[in-house]
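Note sheet for the following structure.
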Amino acid sequence: MENKGLNKGTLDAASPGRTEGHPSSSGRALVVHPDVRTGGPAQARDPEARLEEALGLAAAIDLEVVHSEAVRVSRPSPGTLLGRGAVDRLRDLIEAQEIGIAVVDSDLSPIQQRNLERAWQCKVIDRTGLILEIFGARAKTKEGKLQVELAALSYQRSRLVRSWTHLERQRGGHGFMGGPGERQIEMDRRIIDDRITRLKSDLEQVKRTREQHRKQRRRVPYPVVALVGYTNAGKSTLFNRLTRSEVFEHDMLFATLDPTMRRLRLAQGQEVILSDTVGFISDLPTQLVAAFRATLEEVLEADVVVHVRDVAHPDTEAQRADVEAVLRELGLDKVIETGMVEALNKIDLLSDKERQSLQAQAERSPGRIPCSAVTGLGCDTLLEEISRRLSSTYRNVDISLPLSDGAALAWLYQRGRVIERRDDEVRAYLRVSLDPSDIERFSQRHGDSARISQ
């Protein structure tokens, strides 16, 4: 069966499927999670939960998984990562099940990947390659596609030699003149380098365009609220619930890859921009962290960051640590230290006892809001917390202006929160909570007719 979800360019460049003896690739797949026991932080994760996550990644590109398992690795092999016994046992299973693709849920060196392909006689992709495939299938905007291609080319470049193993016996020549295989590798490497240079130039142009959009928003300006979280934590569902929009949502890893932004009116009448961002994941490929930095700059610009967590997941605490690690890598230490709003999502999947316990914990920790994006439970409380966070930076000012200046009055009601108001026959007297930048903006626009005291 041919798998329609696979990006042939990425897999073919990363895997020597054309080498002699390899069967034609099919969508029938094996998923293996190496449970490496080295005493590192990875052991905090439940291997079965990690395997389940790997299965979700495979499902995201429509692979037909016919077998999956977590394989304990006490001492990683430099040549294959897995032990010899596991490699031989899985080889027999791959042959018997006519499996065309083996997914190893770990980062493999080019040598390890090549050796496993030789042993198993099928295509092998590691965790990074699989995530790249998903990003390639999901990215929709011009920037997203450029970023994915840049990350994929960087990944493929280190594995180019593996695509030409069938030419090794053709090498020859004298001095610095290599054989056809060597020349082809150098030619491909040069083509990739040229393309990477062009992609970086195109991305710089996209970044400049995005910066212009940010400047326009700052002139409005609306506060920006960014949703972040582990992939499949329910960010897009929550985004849709809060904004009543129709962003693609699905019980699928990396359902959202490009940032989506919508305007949202809070209960007090204040308007904000809500941004739904790409989901994070443990062991996110370094190429993708760098490539998607521009996309995640929406988080850097945010006035409030909401960390959406799947509290029904067995590894919810480990996922929280993974998200915070990526945010720190992006230079968002201050956001973490000052405290993000935590949307403790999917409480509808908890038992009554678990939900009561979570609620009690949340009451002792301000900024942690139990909620369900599916049922809407707790979403109003979440919006109130966002409003409170935004209001903490606002200042109360007293403003008087002519009643005839309807445009100025409407501006104050739209941009700020009117705390109190009284009118006489000529003028309106208001106490308004405003962002400092809006106070200055109002003064510039209406200073001739309005009087402002702080």
| Under the classification rounded if a/c is under 1.5, otherwise prolate if a/b is larger than b/c and oblate if not, where does segment 341-450 fall, given a ≥ b ≥ c as square roots of the Cα gyration tensor eigenvalues? | prolate
| So which trypsin sites (Lys or Arg not before Pro) in segment 321-414 pass both tests, a DSSP loop state and at most 10 other Cβ atoms within 10 Å of the Cβ? | 364
| Around residue 405: net Lys/Arg minus Asp/Glu count, Cβ-Cβ under 13 Å | +1
| So which of 123/145; 235/334; 140/346; 145/235; 123/235 end up more than 29 Å apart, counting from Cα to Cα? | 123/235
| message | Please enumerate, by chain and number, the aspartates and glutamates with C-alpha under 17 Å from the C-alpha of residue 200, excluding those fewer than 8 residues away in the same chain. | response | 143, 149, 211, 297
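Computed from the coordinates by the stated procedures, all read-outs in this text should not be read as laboratory data. It should be emphasised that the depicted structure is a prediction, and the values quoted were computed from it without experimental measurement. Please note: Cβ atoms are built from the backbone with ideal geometry, for glycine as well, and neighbour counts cover all protein chains shown.
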